[in-house]
Amino acid sequence: MEIVGGVISRDGTAPADGRQGGPLIVTEDVELLDDLLRLCAAAGALPEVHHGGPSRRESWDSAPLVLVGDDAADRVRGAARRRGVVLVGRDQDDPDVWRRAVEIGADQVLLLPDGEQWLVDRIADVVEGVGRPALTVGVIGGRGGAGASTLACALAVTAARAGRRTMLIDADPLGGGLDVLLGGESADGLRWPAFAASQGRVGGGALEESLPELHALRVLSWDRGEAVTVAPEAVRAVVAAARRRSGVVVVDLPRRVDEAVAEALAQVDLGLLVVPAELRAVAGARRVASAAGMALRDLRVLVSPGAATSGPVGLDPEEVARLLGLPLAGEVPWEAGLSSVQAAGTPPGGAARGPLARFCTAFWDRLPVETAGVGV
């Protein structure tokens with residue numbers, strides 16, 4: 001069978017950069033082929049194209065996704081059954097398209113143009129080699145000075161030190177920038193303003209490669225320019241892209257919940273509400289928990305000593321959790337001299353034997369079991 005020139009890898013192997021090969025397209029319909037090539041380009045994929053059934057079985061077997069034009073269904077009916085076959089057509093009124101899909105063992109029937117965005121996303125997923133979504137943990141302060149940003153950084157630093165692929169997302173534009181807290185405010189890479197108007201899909205690999213790398217993790221933070229409003233659609237796309245890379249995503253969340261923050265909360269697997277062991281802090285945290293809990297599937301409380309104390313004082317952690325009506329996730333330890341250590345260039349959680357780092361390490365070690373299957 002003739003192979004259309006100018007398209008990718010005929011041996012089905014993955015490219016050297018670790019990305020999966022592109023989909024296999026089987027069709028003689030020129031207009032349909034043009035549409036499928038356009039959608040592959042939008043997804044960043046280079047397909048292998050055959051006018052009829054593949055001339056070599058390995059092309060059919062090894063392709064991460066097979067797109068069969070409705071015109072070619074008869075020609076691939078005898079091919080070996082496999083997962084990842086999509087029958088693509090245009091005739092919305094053809095009742096026999098489902099029969100042909102069953103005959104070739106297709107997983108899906110896709111009718112253009114309605115299914116274009118779904119197909120772009122599916123192609124992009126297979127090209128990126130998407131596996132299990134990243135475990136996404138959101139950290140919220142019950143009040144200002146609770147230590148939420150410090151904890152978010154420490155969780156990310158310890159996850160990366162344990163060898164997990166880790167991304168830290170600063171979702172609080174008024175927080176001053178987590179890259180500063182990590183000592184990387186001048187590091188090369190994109191910040192939130194570069195993604196403010198993003199629409200549709202953001203490539204997970206492209207996102208990761210574009211961000212500053214600090215302490216073996218990737219950080220999406222804010223720059224020091226004028227305030228920029230990030231559209232809710234952009235927040236949804238960016239967090240979704242981060243999650244597709246597997247591993248761990250830690251999101252530092254503001255106490256207010258607007259449309260953009262709600263988009264981030266909707267993709268968080270576990271929320272941690274950091275509350276100092278003080279009655280006034282608990283009162284304020286009630287309002288934060290009420291707002292965040294409307295979008296979070298799993299919200300737990302972490303009791304902290306607070307920034308204004310010199311040690312763990314005040315309410316008992318179990319009492320804080322009871323007053324808030326939330327499960328207790330633990331008690332964040334007091335670490336003397338943390339500010340001076342950070343000023344010297346060590347990030348939160350960077351001292352592996354420090355109380356905060358040991359707490360975060362233990363948190364990651366037990367989390368997969370506690371979350372009933374949601375793990376890294």
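The values are calculated or read from the model by the stated rules, or taken from the named source; none is laboratory data. Quick caveat, the model's predicted, so the values are computed rather than measured. Note that we place each Cβ from the backbone using ideal geometry, even for glycine, and neighbour counts take in every protein chain shown. Keep in mind that these areas ignore ligands, DNA and RNA; they rest on the heavy atoms of the full protein, side chains included. Shrake-Rupley method; radii C 1.70, N 1.55, O 1.52, S 1.80 Å.
If I model a spin label as a point 7 Å beyond the Cα along the Cα-Cβ vector, how far apart are those points for Ala231 and Ala196 in nm?
The answer from the label model is 1.3 nm.
Which ³J(HN,Hα) values, rounded to whole Hz and listed in residue order, are derived for segment 262-267 from phi using the Karplus coefficients 6.51, -1.76 and 1.60 in 6.51 cos²θ - 1.76 cosθ + 1.60 with θ = phi - 60°, glycine and proline given as x?
Calculated HN-Hα couplings, in order: 4, 5, 5, 4, 5, 9 Hz.
Could the peptides 163-170, 245-252 be put in order, highest first, of the mean number of other beta-carbon atoms found within 10 Å of their residues?
Highest mean packing first, the order is 245-252, 163-170.
Students often get this wrong: which residues of segment 102-139 have the backbone nitrogen under 17 Å from the point 7 angstrom along Cα-to-C-beta of Arg297?
131-139
Take the Cβ-Cβ distance between Gln92 and Arg256 as r, set R0 to 51 Å, and report the resulting FRET efficiency rounded to the nearest 0.05.
With a Förster radius of 51 Å, E is 0.70.
Given the Cα-Cα distance of Asp188 and Arg77 and 0.36 nm per residue of separation, how much length would full extension add, in nm?
Going from the current span to full extension adds 34.8 nm.
Using every pair of alpha-carbon atoms in segment 52-158, split the distances into 10 Å bins beginning at 0 and state the percent of pairs per bin, rounded to integers.
Going out from 0 Å in 10 Å bins, segment 52-158 shows 12, 32, 21, 10, 12, 11, 2 percent.
Would you pull out the residues with amide H under 5 Å of Val275's amide H, same chain only if 5 or more places away, H placed 1.01 Å from N?
Gly142, Leu302, Val303, Ser304
Please label the shape of segment 147-274 as rounded, prolate or oblate, based on the square roots a ≥ b ≥ c of the eigenvalues of the alpha-carbon gyration tensor (a/c under 1.5 means rounded; beyond that, a/b larger than b/c means prolate, else oblate).
Verdict is rounded for segment 147-274.
In square angstrom, what is the accessible area per residue of the chain with a 1.4 angstrom probe?
45
Could you work out how much longer the chain between Trp118 and Glu103 gets when fully extended? Use 0.36 nm per residue separation minus the Cα distance between them, nm to one decimal.
In short, 3.1 nm is gained.
I'd like to know which of Val88, Gly115, Val66 lies farthest towards the positive end of the charge dipole of segment 54-139, counting +1 on Cβ of Lys and Arg and -1 on Cβ of Asp and Glu.
Farthest along the dipole direction, towards plus: Val66.
Using unit Cβ charges (K, R positive; D, E negative) and no other charged atoms, how large, in debye to the nearest 20, is the dipole of segment 233-305 about its Cα centre?
With Lys and Arg at +1 and Asp and Glu at -1, about 120 debye.
Size of the dipole of the chain about the Cα centre, Lys and Arg at +1 and Asp and Glu at -1 on the beta carbon, nothing else charged, in debye to 20?
1460
Once phi is turned into ³J(HN,Hα) by the Karplus curve 6.51 cos²θ - 1.76 cosθ + 1.60 with θ = phi - 60°, what whole-Hz value does each residue of segment 354-366 show in order, with x for glycine and proline?
Working through the residues one at a time gives x, x, 5, 5, 5, 4, 5, 4, 5, 4, 5, 5, 9 Hz.
What share of Cα pairs, in percent, lie more than 41 angstrom apart in the chain?
So the pairs more than 41 Å apart make up 27 percent of the total in the chain.
If you project the alpha carbons of segment 101-186 onto the principal axes, what extent comes out on each, in Å, largest first?
Largest to smallest, the principal-axis extents are 61, 29, 29 Å.
Roughly how many percent of the accessible protein surface of the chain is carbon and sulfur, given a 1.4 Å probe and a whole-percent answer?
Carbon-and-sulfur percentage of accessible area, whole number: 52.
With +1 on the Cβ of every Lys and Arg and -1 on the Cβ of every Asp and Glu, and nothing else charged, how large is the dipole of segment 35-135 about its Cα centre, in debye rounded to the nearest 20?
Roughly 500 debye for segment 35-135.
Of Ser246, Ala231, Leu296, which is farthest on the positive side of the dipole of segment 168-300, counting Cα position, with +1 on Lys and Arg Cβ, -1 on Asp and Glu Cβ, and the Cα centre as origin?
Farthest towards the positive pole: Leu296.
Grab the other residues whose beta carbon is less than 13 angstrom from that of Pro317, score K and R as +1, D and E as -1, and report the net.
After counting each charged neighbour, the total is -3.
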